[in-house]
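Okay, structure first, notes after.
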Amino acid sequence: MAGLKAKNKGILVGAITSLLFTLFVFCYRYLGLDSVFTIVEMVHHTTYLLLAIIGAIVGVNLSGEDEQTNS
């Protein structure tokens, strides 16, 4: 969704979206549950970062096709 709305710079949009979500989860765990990320959770969030970047790139490309067909 972020990539579709941004319509450009999919890598940056995906990375920012993923990092903000990871920061939110980290703050919740650290402040609310008094625990930090384990190695497995770090791998999960790194994978999420990569998938969010790929998803934003796809979203930007999908929004670019709509502009080309409407022109």
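Distance between the 7 Å Cα→Cβ label points at I54 and L23: 2.5 nm. A simple charge model with +1 on the Cβ of Lys and Arg, -1 on the Cβ of Asp and Glu and nothing else charged puts the dipole of the chain at about 120 debye relative to its Cα centre.
Measure nothing but the geometry: give the 0 to 90° angle between the long axis through the Cα atoms of 39-70 and the longest principal axis through the Cα atoms of the chain, rounded to 10°. For 39-70 against the chain, the angle is about 10 degrees.
So what is the relative contact order of the chain, in percent, for Cα pairs below 8 Å that sit 6 or more residues apart? For the chain, the relative contact order is 56 percent. Quick check: the angle from helix 10-27's long axis to the longest principal axis of the chain, C-alpha only, nearest 10 degrees? So the helix axis and the longest Cα principal axis differ by about 20 degrees. Of the residues C27, M42, N8, the one whose Cα sits farthest towards the positive end of the charge dipole of the chain is C27 (charges of +1 on Lys and Arg Cβ, -1 on Asp and Glu Cβ, taken about the Cα centre).
Computed over the chain, the range of Cα coordinates on each principal axis works out to 54, 19, 13 Å, biggest value leading.
Any read-out appearing in this document is the output of simple, stated calculations on the displayed coordinates, not a laboratory observation. Predicted model, so just to flag it, every value in this text is computed and none were measured. All Cβ positions, glycine included, derive from the backbone under ideal geometry; neighbour counts span all protein chains shown.
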